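One structure is given here, and the rest of the page talks about it.
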Amino acid sequence: MTRTPPVLLLVLLASVVAELSIGDLPFTATGLVGFLFLLPIYGAGALPAREVVRRRVATGWPAIALLGVAYGIVEEGIALQSLFSPTMYNGIGPAWGVRVLGVNGVYLVVQLLNHAVWSVTVPIALTDLAFPHRRGNPLLGRLGLAVTAVVFCLGVGLTAAGRGTRDPGYSTPPALLLAVGVAVAALVVAALLVSRRRPVRMAAAARAPRPSPRSVSAWLAGSAHSRSWRGRRTRTPRSCTARSRGRRSRAVS
């Protein structure tokens, strides 16, 4: 149960920071309904980004940012298709500058940075500040990650269904959708490589210094002197031995 509050907070913050805080949704009944529909895609998008990285490293902000960019491509490129549509939001192309190869270039840069920062990174950072004891630990198990992935796909489907009322009649070419899939896969792989656990290198054992010729000769000389000194102490002089024998013979007589 200790992992449930941070999970719920992150799911809520992902939608609040991304939509409500910048005024994209009004504080009305209609806005509340729209907020509930956005919870699956925003909440289930930020949560796996945190979990995938925190299972590998304690912080991993560069990897989280890369997954935030991947999330932005999925939402804007697949669910909304606003990266490519020239008529979305009353004409993104004319309002946001030149289109390059069917892509709204300026809009792409702005939205990917927006999602990487405000939809993913900032909600995760705020959740870490609210629950510092859970900062470097994962919040979901494998089953939780699988359920979150299903909810995210559901959110993408709901967002795509709502796109028909905003931009009817437009369909992204298959080549651009394929490019989106390749870009998302490349960003996920890059995030995994950035957050790869690096093996801890143990400090190499200090090598014993090689004895120099002077130290060897000094050790040999010291050893010889010590042995000779011990031999002198244990050796009994002959004069002392003769005197002791004479005393013993007198005592016996």
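Taken together, the values in this text are just the output of simple stated rules run on the coordinates, not laboratory data. Since the structure is predicted, the reported quantities are computational estimates derived from the model, not experimental observations. As a convention, Cβ positions derive from the backbone with ideal geometry for all residues, glycine included, and neighbour counts pool all protein chains shown.
Of note:
- Qualifying residues in region 158-168 (those that are surrounded by fewer than 13 Cβ atoms within 10 Å (Cβ to Cβ) and assigned to a helix (DSSP H, G or I)) - the one farthest from the chain's Cα centre (by Cα): Thr165
- Test result for Leu139, aliphatic (A, V, I, L, M) and part of a loop (DSSP other than H, G, I, E, B): yes
- Qualifying helices (runs of 4 or more DSSP H) (wholly inside region 38-135; at least 2 residues being more than 16 Å from Leu10 (Cα to Cα)): 61-73, 88-95, 105-114
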